[in-house]
Amino acid sequence: MPNRPKDIVVEIKVRLQINTSQERVWDVISNIDNDSNFWRGITSIRNLSRDGNVTTREIVLGTNIRCVQRLVIYPKEEISIIWIKGVIAGTKAILLTPLGQATLLEIQMNYRFSDISNLASKRLAALFQDEAELAVDLIKKQSEWNENNVSAEIKKSWAM
């Protein structure tokens, strides 16, 4: 019997310690208009509405796949993303936990796809795993670069 299409749930969790403060990491991830710098699938972002800590936006994946997301921002702790329209259904959470002088960055993705085969679901899981791993690496580099860059600038100003 061939693989019959069915609903598939893809769950991804990626964690990485970033060697800088929670505040500095938050400064990087909370600028949600720059998400395409960290999430390679996003090619454009258009904010539809903002109401307090809730933003609704349209994103384009690739060349022409339009999706709508609702983001809820919990300052310095979490960005919760709900996919409300488009090819992806589910949630993504970006969580920060202080670890002394460092910060734990965690990405949790729970997506549901309808009418796909088991083979396609394995490919999607691998794609989203790679996407999340790349995002945490890029966020780490940006956060730590900011830390080192600011430190160098402060040291430079002290020398003058």
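Quick note: the coordinates plus some simple rules give every number you see, no bench work behind them. Not measured: the values here are computed from a predicted model. So basically every Cβ, Gly included, is an ideal-geometry build from the backbone, and we count neighbours across all protein chains shown.
How large is the convex hull of the C-alpha atoms of the chain per residue, in Å³? Dividing the Cα hull volume of the chain by its residue count gives 121 Å³.
D by Stokes-Einstein for the stretch 101-150, Kirkwood Rh over Cα pairs, 20 °C, 1.002 mPa s: 164 µm²/s. Assuming R0 = 30 Å, can you tell me the calculated FRET efficiency for the pair VAL54 and GLN17, based on Cβ-Cβ distance, to the nearest 0.05? That pair, VAL54 with GLN17, gives E of 0.55. Relative to the longest principal axis of the Cα atoms of the chain, the long axis of helix 118-159 lies at roughly 10 degrees.
The mean sequence separation of alpha-carbon pairs under 8 Å and at least six residues apart, normalised by the residue count of the stretch 88-144, gives a relative contact order of 29 percent.
What you get for the chain, charging only the Cβ of Lys and Arg (+1) and of Asp and Glu (-1), is a dipole of about 400 debye around the Cα centre.
A simple spin-label model places the labels of LYS122 and ASP33 4.3 nm from each other, with each point 7 Å out along Cα-to-Cβ. Among the listed pairs LYS85/LYS140; LYS76/LYS140; LYS13/LYS140, a Cα-Cα separation exceeding 18 Å is found for LYS85/LYS140.
In this simple spin-label model, placing a label point 7 Å from the Cα along the Cα-to-Cβ direction at both ARG66 and LEU99 gives a separation of 4.1 nm.
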